Amino acid sequence: MEEKITLDRESFKSLASETRISIIKSLDRRRKTLTELSKELKMSPSSVKEHMDNLCAASLSVQVDDGHKWKYYELTRKGKNILHPDETRIWVLLSVTILAMSGIFYDLLQRGAGGLGNTLNAAESLVSPTGSPAKAMAPALDSCQAAAQPLPYLHIIGLVLFAVLLGSCIAYLAISRKRLMARI
């Protein structure tokens, strides 16, 4: 499910100021107090407080009271989505890829374990004292042939494709984090 970014009049007003955009980018790195923001922006705390009230009214940031003497400001989901609109899709794609690869690995392991179980059962029937050796050999040969089946090509192709997709998602996230850190 794709989350839409909706900007109302209040959000547009908030984003019209270069100072508020700087505040949003700063809060993207980590949550900060009013004093930290005023020092970083080289502005008076009362001016920064005015900008923060505007951002809070637009639901782009929120003031968090941890029960300490100071209060932190952090971005809301709406504020984060303005800065990183594609990141949610990448995380969903990454999760689906990991689940698909896990399913393929599980199926391959089950096929391998099933073949091994058939071989062990065939070996036990060879040793069992009941019946003639010729009768005991037939099921053993059948189960050995079942265990020796090659891996399905679709599984191998699926693993390769999902591995490429997984690598692409991780590379995208790493590059976007690197760009963010370079801006700091």
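Out of the range 16-38, which residues are in a helix (DSSP H, G or I) and of a type in the set (Lys, Arg)?
The answer is Arg20, Lys25, Arg29.
Okay, residues lined up against (1) out of contact with any helix residue (DSSP H, G or I) (no Cβ under 8 Å at 6 or more places or on another chain); (2) assigned by TED's automatic domain parsing to the domain that holds Arg179; (3) surrounded by 18 or more Cβ atoms within 10 Å (Cβ to Cβ):
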| site | (1), (2), (3) |
| --- | --- |
| Ser22 | no, no, no |
| Lys25 | no, no, no |
| Thr35 | no, no, no |
| Lys39 | yes, no, no |
| Asp53 | yes, no, no |
| Ser61 | no, no, yes |
| Lys69 | yes, no, no |
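Of the conditions (1) in contact (Cβ under 8 Å) with a residue 60 or more places away in the chain; (2) assigned by TED's automatic domain parsing to the domain that holds Arg31, Thr97 satisfies every one except a single condition; which number is it?
It fails just one condition, (2).
Name the pairs whose Cβ atoms lie under 7 Å apart, with the first residue in the range 75-86 and more than 18 Å from Arg177 (Cβ to Cβ), the second among the small types (Gly, Ala, Ser) and surrounded by fewer than 18 Cβ atoms within 10 Å (Cβ to Cβ), and 6 or more positions between them or separate chains?
Listed by first residue and then by second, the contacts come to Thr76/Ser59; Lys78/Ser59.
Tell me, please, whether a residue that is of a type in the set (Asp, Glu) and touching a residue at least 40 places away in the same chain (Cβ under 8 Å) can be found in the range 6-14.
The answer is yes, given that some residue of the range 6-14 is of a type in the set (Asp, Glu) and touching a residue at least 40 places away in the same chain (Cβ under 8 Å).
For the range 72-106, which positions are surrounded by fewer than 12 Cβ atoms within 10 Å (Cβ to Cβ) and not in a helix (DSSP H, G or I)?
Asp86
The values are calculated or read from the model by the stated rules, or taken from the named source; none is laboratory data. Nothing here was measured: the structure is a model prediction, and the numbers come from that model. Reconstructed Cβ throughout: ideal geometry from the backbone, glycine too, with neighbour counts over all protein chains shown.
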